[in-house]
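Participant: One structure coming up, written as structure tokens, with questions to follow.
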Amino acid sequence: MELPPRTAGDQRLAAGELTDIRARLRRIAPKHDLATVVACSFDHRTRILPFVFADVRMVPAGVRAVAAALLDSGFQKTRIVLQHWNRNFDPARMQLDGRIPDMFLLSAMRLHYEPFVQLLRGVCRIPPDRRPLVIVGGPQTIYEPWTVFPQTSANPADPWTADLAVTGEEYVLLATLECLLHERADGEPLRKTFLRTRDAGGLDDIPGLVYARGGKPDGPPEELIDTGIQRLVFDLNEQPMPAPAYRVLEAPSNHPTLASQPLPIERVRRYTPIASLVMTLGCKFACPYCPIPAYNQRMYRVKSGQRIAEEIVSLRKEFGIHFYFGADDNFFNDPAKTLDICEALVQTEIDGKPLRKHARIGTEVTVHDTLKTAEAGRLELVRRAGFRALWIGVEDMTGLLVKKGQTPDKTARAFTLLRKHGIAPMPMMMHHDEQKLLTPGRPVGLLNQVHLLQRAGASSLQVLMITPSPGSKLFEQTYTSGMVFDRAGGRTLRPYMMEGVHVCASLHPQPWRKQLNILLAYAWFYNPLRLIRALRPGNRLGGIDAGMQALGMWGLLKTLRRVSGWTLRLLAGPIRRRRTPPRNELPMRAPDGAKAAHALDGTPSRK
């Protein structure tokens, strides 16, 4: 299921191309006067540990990047709608600048697929001659693009479909838009331009697209065309500044329609006190359950420290945002790049004070690279740069599940060093079938490892069960091995349950025990006694520890309410298992007739 690599030497865009295409679009944007709504779907049933706080208090980096790219390209009539703030938003009733938008861009994760489909149903209620061009993206589309088009088994009485799936980053969208605007006649609806250009093969040379051809207007298409794997922007400094996107946020409301004006600037910090930062992308590890290395074409991409400092300064000054989370896969992956970023942040000042006095930064690292950074004597520099918390992929400390250089001793040493320098360690763990709940005298059991992390100074805890992850090496194997549940106790497994807390893939003879183990691990870590200990005098990180305990206990109550019913169904049974991965029913091919880059084995082909 891993995305295939592009040919060596053809994996990157030409240097400066992302900057240049925005400049070209700015020259033609005034002529077209496009209005665009960029929406992000969200399923509120996923609001459980460990995502229960930040999930609705941070604008997703993907939709923000797309909106920023459109704004920087001259399309000022753009609005971001977040479904976690606007649960009743109905695309069928949206108007921007007094009219139906020209484009409706929709992003989704796999967890949020059901609300995503509801949003597509809504926009498809608009008559075809007035409907905006519907373009979808995000993780769901990157790895399973066929899921946004109606399958042959779809209900003809319930039509819904996207017009175009973007399986890449914002450059792919901008290249498509540039192509369409060069073909667009005066006053022609953009969707009509798209259909005409698509049918003429005008989009076939833009890597990173999937679109339908043939079939009846309200039915499944005859086939899907996949233009291949995107070329990547290597220098992340070419990305547009993020601040403009925060100026076009739709204000939280219960209304199905859009407000006449976006969220006032002075209220932005209230609803999104955490800002996501894209600092680095890529990881040198190749964990079999992770799609990240293949997506990045085995490359490590970075922004310069100076550029990251500029982004933080602009967001802090304009919106007052204090907390920042780096959308990094492994921030310590490249010591030289880490040093450049941290030195630039240390040298940056805001109103005469060091940046660390205005910004609290968190990101993701590994145990192995944390120890290397400590051995190089750079943890103090990391702290002075403003980093106050690091989420660490501990997984299983014994390495039985995956080996990334972690052991119980190394993990404890890394956590001790981080706390010594005033940085809160935030471990992320994965429970698996072979791991018992308790192994007396040995750091193998789940509770043994949680206790070790507590003693080492962990400020928070994340425990997830492995789930089938699209785009990873293990995706198909988790299905063919019979790990993935289809039903349990009469209840069908739903997309929102594949967040890692609901046990939905296990070969254990009593999977309810795995579910109970996860809940017990959270209860062992988040409890009133731990809160009291966090507040003891002399604890340098007492504020962070206590805050995470309070949030964790609140999240545990929500998690118990949502997961307890599933636990009972796993106990009562029966459990029906899937033996095949989700399949695309539609024929899918490359423009030249070759195998589609995003197709799973067994995808139909059409001659």
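The values are calculated or read from the model by the stated rules, or taken from the named source; none is laboratory data. Predicted, not measured: the structure shown is a model, and the values here were computed from it. So basically every Cβ, Gly included, is an ideal-geometry build from the backbone, and we count neighbours across all protein chains shown.
Participant: Between Arg569, Arg540, which is at pLDDT below 95 and outside any strand (DSSP E or B)?
Facilitator: After applying the criteria, what remains is Arg540.
Participant: Now a separate question. Looking at this structure, is Ala374 under 17 Å from Ala414 (Cβ atoms), small (Gly, Ala, Ser) and in a helix (DSSP H, G or I)?
Facilitator: The answer is yes for Ala374.
Participant: I need the helices (runs of 4 or more DSSP H) fully contained in the range 54-161, keeping only those with at least 3 residues that are in contact with a strand residue (DSSP E or B) (Cβ under 8 Å, 6 or more places away or on another chain).
Facilitator: Because the criterion is at least 3 residues that are in contact with a strand residue (DSSP E or B) (Cβ under 8 Å, 6 or more places away or on another chain), the helices (runs of 4 or more DSSP H) in the range 54-161 that meet it are 61-72, 113-123.
Participant: If you scan the range 454-478, which residues turn out to be closer than 29 Å to Leu111 by Cα and part of a helix (DSSP H, G or I)?
Facilitator: Phe475, Glu476, Gln477, Thr478
Participant: Then there is this: Cβ-Cβ under 6 Å, sequence separation 6+ or interchain: first residue in the range 278-307 and at positive phi, partner assigned to a loop (DSSP other than H, G, I, E, B) and surrounded by fewer than 17 Cβ atoms within 10 Å (Cβ to Cβ). Which pairs?
Facilitator: Gly282/Met299; Gln297/Pro5
Participant: I'd like the full set of residues that are hydrophobic (A, V, I, L, M, F, W, C), part of a helix (DSSP H, G or I), surrounded by 12 or more Cβ atoms within 10 Å (Cβ to Cβ) and without any contact (Cβ under 8 Å) to a residue 40 or more places away in the chain, limited to the range 524-537.
Facilitator: Leu531, Ala534
Participant: While we're here: Looking only at the range 196-213, which residues are surrounded by 15 or more Cβ atoms within 10 Å (Cβ to Cβ) and outside any strand (DSSP E or B)?
Facilitator: Of everything in the range 196-213, those that are surrounded by 15 or more Cβ atoms within 10 Å (Cβ to Cβ) and outside any strand (DSSP E or B) turn out to be Arg196, Thr197, Arg198, Gly202, Leu203, Asp204, Ile206, Pro207, Gly208.
Participant: With the checklist (1) modelled with pLDDT under 95; (2) under 27 Å from the mean Cα position of the chain (by Cα); (3) assigned to a helix (DSSP H, G or I) in hand, flag the one item Arg383 doesn't pass.
Facilitator: If we test Arg383 against (1) modelled with pLDDT under 95; (2) under 27 Å from the mean Cα position of the chain (by Cα); (3) assigned to a helix (DSSP H, G or I), just (1) comes out false.
Participant: Within the range 470-519, track down each residue that is buried (at least 18 other Cβ atoms within 10 Å of the Cβ), under 26 Å from the mean Cα position of the chain (by Cα) and among the polar types (S, T, N, Q).
Facilitator: Scanning the range 470-519 gives Ser472, Thr478, Ser506, Gln515.
Participant: Answer yes or no as to whether Asp328 is closer than 27 Å to Ile21 by Cβ and at pLDDT below 95.
Facilitator: yes
Participant: Right, something else. For the range 166-177, does any single residue satisfy the condition of being assigned to a loop (DSSP other than H, G, I, E, B) and out of contact with any strand residue (DSSP E or B) (no Cβ under 9 Å at 6 or more places or on another chain)?
Facilitator: no
Participant: Has the range 19-32 got at least one residue that is at pLDDT 95 or above and in a loop (DSSP other than H, G, I, E, B)?
Facilitator: Scanning the range 19-32, I find no residue that is at pLDDT 95 or above and in a loop (DSSP other than H, G, I, E, B), so the answer is no.
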